[in-house]
Amino acid sequence: MRIHDRSICFVNCHFAAHMEAVSRRNEDFDHVFRTMTFATPSSGLLTTSISGSAGQLLQANGSRMPELSDTDMIVFLGDFNYRLYDISYEEAMGLVSRRRFDWLRKNDQLRAEMRSGRVFQGLREGDFQFPPTYKFEKHKAGLSGYDCSEKKRIPAWCDRVLYRDSRASSGTECSLDCPVVCSVSL
């Protein structure tokens, strides 16, 4: 979408599941990021040019189709399925009960993969101060909502939102100066 001369793209993804599938999740991201291109209804898609193993879509005038990396702002959201690693179920549950989410994040696969530059390059994630949402059953209070089955799946933050804004951060507040006035009647 375009808002005030800025292109913004929201990408909802569901990556490979299971603790050991980190490489597959990274491949899922890479596939989405490198292959997604955009066309406007008025552009005539004529050819696909293949260079190496990656194709590049061309418009009727021969110019390259806009890619995901060309957008001014990208927001990736969804069930990315990254888990916590090198931590036992009991250790994780202890940290959750003490609300030591900063310690849990040190074992977060997604953050480790981002630090190593293997995935979500140039994107960032806001800080969150809430307990892991995987594997949590609805309508159960406290720690009893986490997986108590014989599997004892380790809690994790699988549902995530990451973003990149190409606008230079000047440290000033952003204002849309929206003329819409909202009122709520109770």
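Beta carbons closer than 6 Å, at least 6 apart along the sequence or on distinct chains, pair a first residue in the stretch 1-14 that is closer than 15 Å to F38 by Cα with a second that is surrounded by fewer than 15 Cβ atoms within 10 Å (Cβ to Cβ) for I8/M1. Candidates are the residues of the stretch 149-163 that are part of a loop (DSSP other than H, G, I, E, B), more than 13 Å from A17 (Cα to Cα) and not hydrophobic (A, V, I, L, M, F, W, C); the one that is modelled with the lowest pLDDT is S149. Among residues belonging to the stretch 20-46 that are out of contact with any Pro (no Cβ under 7 Å at 6 or more places or on another chain) and among the hydroxyl-bearing types (S, T, Y), point out the one that is modelled with the lowest pLDDT. For the stretch 20-46, the residue satisfying everything is S43. Look at the stretch 55-81: where a residue is among the polar types (S, T, N, Q) and modelled with pLDDT of 75 or more and a partner is assigned to a strand (DSSP E or B) and surrounded by fewer than 16 Cβ atoms within 10 Å (Cβ to Cβ), sitting 6+ places away or on another chain with Cβ atoms under 6 Å, you get T71/S7.
The values are calculated or read from the model by the stated rules, or taken from the named source; none is laboratory data. On a predicted model such as this, the values are computed, not experimentally measured, just so you know. All Cβ positions, even for glycine, are placed from backbone atoms using ideal geometry, and neighbour counts span all protein chains on display.
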